[in-house]
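> Following this message is one structure expressed as structure tokens.
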Amino acid sequence: MYDATPETLLIASLVIPLIGALLIPLFHRHPNLRETVTLITAGLLASVVWSLYGPVMAGARPELVGPEIVPGLSIALKVEPLGMIYGLVASTLWIVNSIYSIGYMRGNNEPRQTSFYVCFAVAIASAIGIAFSANLITLFLAYEILTLSTYPLVTHKATDEARKSGRTYLMLLIGTSMVLLLPAIIITAAVAGTTDFTPGGILDGKLTPVLLSGLLALFVFGIGKAAVMPVHFWLPAAMVAPTPVSALLHAVAVVKAGVFTVVKVVVYIFGIDTLRQSGATDWFLWVASFTIIVASLIALRQDNLKKRLAYSTVSQLSYVVLGAAILTPLSLVGAAMHIAAHACAKITLFFAAGSIYTAAHKTEISELDGIGHKMPWTMSAFTIGALAMIGLPPTAGFLGKWFMLQGAAGSAQWLPIVVIVISTILNALYFLPIVHRAFFRGTATTSVDAGAVAAASVGAASVRDGEHHHHDDHGEAPFPIVLALCTTALMTLALFFFPEVPMNLANAMIQR
Amino acid sequence: MSGLQEHLPILQILVPLFGAILTAFTRRGITAWAIAAIASGIAPFISAGLLIRVLETGQPISYVMGSWAAPWGIEYRVDVLNAYVLLIISLIGLISIPYARKSVATEIDSHKQPWFYTMYLLCLAGLLGIVITGDAFNAFVFLEISSLATYTLIALGRNRRALLSAYQYLIMGTIGATFYIIGVGLLYVVTGTLNFADLATKLGPAMATHNKPILAAMAFMTVGISLKLALFPLHVWLPNAYAYAPSFATAFLAGTATKAAIYLLARIYFSVFAVVVPLKELPVSEVIIALSLAAMFLASITAIFEQNAKRMLAYSSVAQIGYITLGLALANKMGVAGGLVHMFNHAIMKTALFFALGAMAYRTGLGQMSSLAGIGRKMPITTAAFVVAGLGLIGVPGTAGFISKWYLAIGAINHGWTWLVFMIVLSSLLAVIYIGRFVEIAYFREPAPEIANAHEPPASMLAPLVILAAATIYLGFDTRLTGGTAQSIANYLLGGAP
């Protein structure tokens, strides 16, 4: 591998998770071997993607062109800096998430674990495909496979609720991508004659400002995975999935695929200069701002922890969209940084939510009084994640916001600044009370009532797993879970002190 | 060898026709099947040979019957268009025949099985004949041969309603054929010829003096063929016919019968009428586009509410035929290529879907959607193949259906009608609903006791299904055969036009 060419690494990054997906079912009857396959696959993938970082920073843009499927358009891969950030985030966190999954899936006696790991590997392969796609057609292919491979994960529980959520998930994601994104791609191909991601864009001077604005709208709302309101409903619905799915896919791989695609389209299809000169993109800022504020307001009202995290994700995703909508190089650096920062922080928060569910069978925030004393590791990690959501140093969340603010101030756009300030306050309002509850509310008096409520609400689960986890008498979650969430919490901190990798890549992205 | 190659056009028909005669003399199903298998096995090689030759030389192959020179004698004229359609039909025949053995053995009484294969071979010969002939009247003869065979195939369905469906189709089909032959008669009166190529040259001068009969002929032929190809709203015979025919017959017909009729429509428009009639001044294209859109939406919506799985797919066929006619009606290179690509892709995908339902019927005897609850756990490969082909129908990227839709959408934009792009994708969304509904029933419901003993079908049924499902994906990436050929055909048909 050390003397492999970047092109070999590129193809390996797609093939490895797919081979993993083929191997996993062979060990259906040997869970330990099966999980070893997942871990080895994840480790190999991350090392392959990381070994692309050097060549890319040295200026290489490894490229592979596959078959031409429609006239003039081929399936093709190409590594560029932004895709590198997303690829690194997805592949690195997959390792941590796999460790976590082992603890969670076994700790909760989840059924059909083999198909769970298979779908997961396919989802990661498609995430890498999105990251390294060289044109819109390839991206669209991987984008749809990602939706389809995560559908069985969302409906994993096979309950009526899971089926209903699965419908919302599929119809919204497939619906928006087919009805809006696909026409946008087709129109782009017809107008520009290509769909290659090209620095500076491919639409300069080809459309009137109004049409340009309309095409951008097709993209922004067609990329449902970016969860810009009003096409965000699939994300809270997806929370019915097992927590590792929510953590890696619906806080990192799937949603980041969305905002990544938005940024990529803005930078490499439209070109920020073309968009800025058209002057027809004010609505883009407003849509992102609206989503940031309103999703935060909704998050405030959620008592279910995973739902609150989901709406927080909706809000945070639009930071990235906002970074793209500000249309300055600095704000784009902020958007790229936020992709990495939010990934580490949000996966930590979901890990913590799943840890609480596994150890204490609690899903509602109102039940969490004093839980910090029983689960100190989990709740400390949660606190770090929460600080990152608010955007406080020394967490990675600070960096993205900082660059976005600079970009907005530098180009005298006041709306984004106001929005970022208000949303920071809102983020604090819905995250800090959880931390306060966990550490500073006594358990002695309140937990009896809360416990009664909890016993009623998670009754079914308690009966099933009651033997080894009584809800009031618990400690930390299984070791793999704690290990995973501490790792990602440390990553959230480390990214603040050592932001070189995403910073270098983000800077490489904005340099022509 | 060259002597045999010269006779390929007639062998294309003679092989299945001769097979039909032989099977009529057999007593046992297995013998009849073996003969049918040999005939079906040879046919695609002939088609492929013809297609390769016309693609290489760029010249149509002309074969005159009994050495009577055209236009007096009957001419078989193979160009890229019909060589391509011949390949579609004969390939579906080839892939279907292994499947036929077990499926037919359970659904058809043993003494009727030889007749069933006779009818199948007659149908195959008829469909290939419609496509290969260069003679308008000869096309009518083959149209009748294939139709009569089809009525019989449908009537052999186990459900008594198969008889009524066959009768319904007989009435509608006869009206269609009659309309077609009235049109042919009018053209003959005006020009004195029945040869398509000859018609194209003689209609030009005749237009000046006899323009009304020619337009009437065009109207009669259009309506007549539209009945056979089930263009909305002339599709009412199709859902019942497909639903009650034996599983194998449905799968074979869904892939081939309507395709031959669509070919005939394309032939008379692009090779005959477009040359002489100022089509741009008549709203022909607009009318067919409107009907195609109606098919894409109304038939898909009907499919969503259909309870019988085969009928659901039958309505889906009506909708998918709408895509093909839409592309042809756009009458520009990308549109026509899109229609032709979808002809191939739809044949592959729909045959796969009906194979899957046939396999489920083989193991359970059931066909209602709700009775197949939980089938995904009992027949995982069959159901997975259904899902893959269903994704193709939806047009998910990475499947054949995506390629079709891309061509059609670019064709719509080149026509100046960008709104059509949105119609195409919106109707795809309806396919998500009806395929998704089956997926939910197959995977999320607990298996009913009736299907408790169901398991994968025998390899002879499973293999063709899996091959077609794999082809659905393969043709989403390697489009040289479909897209490449379709583009050469569109260039050939439209000449210098954009």
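> Name the shape class, rounded, prolate or oblate, that the alpha-carbon gyration tensor gives for region B:140-268, where a ≥ b ≥ c are the square roots of its eigenvalues, rounded holds for a/c under 1.5, and otherwise prolate holds if a/b is larger than b/c and oblate otherwise.
prolate
> Relative to the compact globular guide of 2.2 N^0.38 Å, what is the alpha carbon radius of gyration of chain B, as a ratio?
Relative to the rule-of-thumb radius for its length, chain B sits at 0.92.
> Of the listed peptides A:203-214, B:243-254, B:35-46, what is their order by residue-averaged count of other C-beta atoms within 10 Å, with the highest listed first?
Descending mean neighbour count gives B:243-254, B:35-46, A:203-214.
> Among B:SER226, B:SER371, rank each residue by its count of other Cβ atoms within 10 Å, from fewest to most, as a rough exposure measure.
Neighbour counts put them in this order, fewest first: B:SER371, B:SER226.
> Right, something else. Pairs of Cα atoms under 8 Å, at least six residues apart: use those to get the relative contact order of chain B, whole percent.
14 percent.
> Hey, what's the Cα Rg ratio for region A:232-309 versus the globular rule of thumb, 2.2 N^0.38 Å?
Computed over Cα atoms of region A:232-309, the ratio equals 1.35.
> Let me ask something additional. If one takes the longest principal axis of the Cα atoms in chain A, at what angle in degrees, from 0 to 90 and to the nearest 10, does the Cα axis of helix A:136-154 lie?
So the helix axis and the longest Cα principal axis differ by about 10 degrees.
> Oh, and also: Work out from phi, with θ = phi - 60° and the Karplus expression 6.51 cos²θ - 1.76 cosθ + 1.60, the ³J(HN,Hα) of each residue of region B:8-20, listed in order in whole Hz, and give x for Gly and Pro.
Taking θ as phi minus 60°, the curve returns 3, x, 6, 5, 3, 8, 5, 4, x, 5, 5, x, 4 Hz for region B:8-20.
> Further question on the same structure: Obtain the radius of gyration and the Kirkwood radius of region B:312-436 from its C-alpha atoms and give Rg over Rh.
1.04
> While we're looking at this one, here's another question. In which sequence would B:ILE301, A:ILE99 go, from the one with the fewest C-beta neighbours within 10 Å to the one with the most?
B:ILE301, A:ILE99
> Here's something else I'd like to know. Return the long-range amide H neighbours of A:SER133 (sequence gap of 5 or more, or a different chain), with a cut-off of under 5 Å between placed amide H atoms.
A:LYS78
> Could you tell me the center-to-center distance, by alpha carbons, between region B:414-459 and region A:162-211 in angstrom?
With region B:414-459 and region A:162-211 each reduced to a Cα centre, they are spaced 23 Å.
> List the extent of the Cα atoms of the protein assembly as shown along each of their three principal axes, largest first, rounded to whole Å.
That works out to 99, 64, 51 Å along the principal axes.
> Taking neighbour Cβ counts within 10 Å as the exposure measure, how do B:GLU440, A:GLU110 sort from fewest upward?
A:GLU110, B:GLU440
> Taking R0 as 45 Å, what FRET efficiency do you get between A:LEU26 and B:MET207 from their Cβ-Cβ distance, rounded to the nearest 0.05?
Rounded to the nearest 0.05, the efficiency is 0.05.
> To make sure I understand the rule: partners must be aspartates and glutamates, Cα under 13 Å from the Cα of A:LYS164, and not fewer than 8 residues away in the same chain. Which ones qualify?
B:GLU440
> Scan chain B and report its longest stretch carrying no trypsin sites (Lys or Arg not before Pro) that are both in a DSSP loop and have at most 12 other Cβ atoms within 10 Å.
Counting at most 12 other Cβ atoms within 10 Å as exposed, the longest clean stretch of chain B is B:161-498.
> Also, I was wondering about something else. About its Cα centre, how strong a charge dipole does region B:283-498 have in debye, to the nearest 20, once Lys and Arg get +1 and Asp and Glu get -1 at the Cβ?
Here the size comes out at about 100 debye.
> With the Cα gyration tensor of region B:328-399 in hand, convert its eigenvalues to equivalent ellipsoid semi-axes via √(5λ) and list them largest first in whole Å.
They are 31, 12, 9 Å, listed from largest to smallest.
> Kindly provide the helix-only [θ] at 222 nm of chain B, computed as the sum of -39,500 (n - 2.57) over DSSP H runs of four or more divided by all residues, to the nearest 500 deg cm²/dmol?
Counting only the DSSP helices, I get -25000 deg cm²/dmol.
> Could you work out Rg/(2.2 N^0.38 Å) for region B:283-498, with Rg from alpha carbons only?
Taking N as the residue count of region B:283-498, the ratio is 1.05.
Read the figures in this text as sums done on the coordinates, not as results from a lab. Everything numeric in this text was worked out from a predicted model, so none of it was measured. Because the Cβ atoms are built from the backbone with ideal geometry, glycine has one as well, and the counts that use them run over all protein chains shown.
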